[in-house]
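Comments concern the structure below.
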Amino acid sequence: MSAATAAPEFGPLPRFPETWRRRHLLGLEDLSAEEILTILDTAAAFKAATGGFRRKLVELQGKTSANLFFENSTRTRNSFSLAARRLGADTVEFVASGSSLSKGETFIDTAKNIESMNVDVMVIRHHTPGAPLLLSQNVRCGVINAGDGPHEHPTQGLLDIMTIREHGRRFEGLTVALVGDIAYSRTARSNIWGLKKLGAHVIVCGPSTLVSRRWEEFGVEVAYSLDQILPRCDVLNLLRIQFERQHTRPFPSVREYALLFAMNRERMARAKSDILIMAPGPINRGLEITPDVADGPQSVILDQVTNGVAVRMAVLWLVVGAAARA
C-alpha cells in the first residue's frame, strides 16, 4: 500500500482520569492548572485516537447532548455537534428564535423540557453572564458553557491554549498578548485565567476605551501600544471588535483602529520570527488582521478551529463521565 493510500494511524483511547470530578464546565476561573492539563491531554488523546477525526468512536454511544444556543454561532455550535457525533452521542439542536420562549416560556422551563427527553449534557450559549451557572443549579444533567455574554468562553480558551502547546511552546515564561476588544471579550477572560495558571505572562492591549487599567488586578500587563510590546510577544491573539455589544463607538474610526492595532506585513517584519498569530474568529480582515497575515505561515487560526473539536470531545466525555460516576 502506498503512502498516499495508507490507512491513518489511530492512537489509543484515553482512560478516564480518576481525579476528574466536575459535572459541569462553567469557566476556567475555577479550574486548577492540573484540571486544565487533564482536559488538554484528553483532547490530544482523542485527536490521535481518531486520526484527526477520521473515525467515529462509541465512547458516548447512547448518550444525548443538547445544544442550547440563545446567540448566533457558527464555529462553536458546529464544533460541539461534530464532537458529540464523533463520540457516538445523539444531538438535539435548540435555537431560540421561533421557540416557545417567544410564547412566554422561561429559560429554565425550556431547559427542563429538553432535559426530560433524557438529555445527558447541555451546551449553552447565552447573552447573559451567569446563565450557565443558573442552568446548572436547575437541571440534573451536565452543563457546559459555550459563552455567556462577555463573561467566559472556556472551550475557546482551552482550544487556544491547546494550539499554543501543540506548536511546541512551553507556558512557563511565555508572553501572550491579547489584542483588541478586551472589555467585551469572553475569550480574553478565559485565556487570561487559563494561561496565567499555566505560568504564561499575559498582556492585554488595545485602545484605552476597551482596555481598563483595572485589568492589572487580574495579574496581567496592560498596554496601549501594539508596536511597543510586539518585540516581546511569543503569541498574539487578535480579538474581534464586538460592535454588537457596544453602546457607543470606542474609537473614532475603524481605519484608525487598524492603523494602531491591526497585525499587518510591516508589524510581522518587526515581530519574532517564530511568533504565533491567533484569532478566535470570526475575523474581520483588514480591521484586526490583514489577509496576508491571516493566511501566512505564522497563522494558526485554522489549527484553532480543528483543535476546537478535540477540546469539545474531551469536555463532553469528561462531564458526562463525571455525572455517571457521581
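Observations on the model:
- Each residue, Arg170 and Ala33, gets one label point 7 Å from its Cα in the Cβ direction; the gap between the two is 1.3 nm.
- Share of Cα-Cα pairs in region 168-299 lying beyond 16 Å, as whole percent: 60
- Counting charges near Thr76 (Lys, Arg +1; Asp, Glu -1) among other residues having Cβ under 9 Å from its Cβ returns a value of +4.
- Mean-position separation - Cα centroids, region 183-229 and region 134-151, in angstrom: 25
- Amide H contacts of Leu25 (H built 1.01 Å from N, under 5 Å, at least 5 apart or other chain): Val143, Ile144, Asn145
- Selection from Asn284, Leu226, His201, by position along the positive dipole direction of the chain (Cβ): Asn284
- The charge dipole of the chain, taken about its Cα centre with unit charges on the Cβ atoms of Lys, Arg (+1), Asp and Glu (-1) only, comes to about 360 debye.
- Charge tally around Asn191: other residues with Cβ under 12 Å, Lys/Arg +1 each, Asp/Glu -1 each, net +1.
- For the peptides 50-57, 87-94, the ranking by packing is 87-94, 50-57, with the highest mean count of neighbouring Cβ atoms within 10 Å listed first.
- Likely footprinting exposure, Val300, Val305, Val123, Val179, fewest C-beta neighbours within 10 Å first: Val305, Val300, Val179, Val123
- The calculated FRET efficiency for Asp295 paired with Glu256, based on their beta-carbon distance and R0 = 25 Å, is about 0.55.
- Phi angles across region 24-41 convert, under the Karplus curve 6.51 cos²θ - 1.76 cosθ + 1.60 with θ = phi - 60°, into 3J(HN,Hα) values of 9, 10, 9, x, 8, 4, 8, 7, 8, 4, 5, 5, 4, 5, 4, 5, 5, 5 Hz, Gly and Pro given as x.
- Here the 3J(HN,Hα) profile of region 215-229, calculated from phi with Karplus coefficients 6.51, -1.76 and 1.60 at θ = phi - 60°, is 4, 4, 5, 8, x, 10, 8, 10, 9, 10, 9, 5, 5, 6, 8 Hz, Gly and Pro shown as x.
- Residues with amide H under 5 Å from that of Ser299, placed H, sequence gap 5 or more: Ile277
- Shown in residue order for region 257-264 are the 3J(HN,Hα) couplings computed by the Karplus curve 6.51 cos²θ - 1.76 cosθ + 1.60 at θ = phi - 60°: 4, 4, 4, 8, 10, 6, 8, 10 Hz (x for Gly and Pro).
- Taking label positions 7 Å along the Cα-Cβ direction at both Glu216 and Asn113, the computed distance is 5.1 nm, reported to one decimal.
- Between Leu82 and Arg325, the FRET efficiency estimated from the beta carbon spacing at R0 = 30 angstrom works out to 0.75.
- For the chain, adding -39500 (n - 2.57) for each run of n ≥ 4 DSSP H residues and dividing by the number of residues yields -10500 deg cm²/dmol at 222 nm.
- When the charge dipole of the chain is built from unit charges on Cβ atoms (+1 for Lys and Arg, -1 for Asp and Glu) and taken about the Cα centre, the candidate among Thr42, Ile114, Leu158 whose Cα reaches farthest toward its positive end is Ile114.
- For region 168-299, size of Cβ-based charge dipole, Lys and Arg +1, Asp and Glu -1, in debye: 220
- The fewest-to-most ranking of Met162, Met278 by surrounding Cβ atoms within 10 Å reads Met278, Met162.
- Ranked list, fewest to most other Cβ atoms within 10 Å of each Cβ, for Leu238, Leu82: Leu82, Leu238
- Amide H partners (placed H, <5 Å) of Thr175, local residues excluded: His201, Asp234, Val235
- Formal net charge of residues neighbouring Ala33 (Cβ-Cβ distance under 15 Å; K, R +1; D, E -1): -1
- Segment Asn138-Asp274, length gained on full extension (0.36 nm per residue, minus Cα span): 44.3 nm
Taken together, the values in this text are just the output of simple stated rules run on the coordinates, not laboratory data. Given the structure is predicted, the values throughout are model-derived calculations rather than measurements. Glycine also receives a Cβ, built like all others from the backbone with ideal geometry; neighbour counts cover every protein chain displayed.
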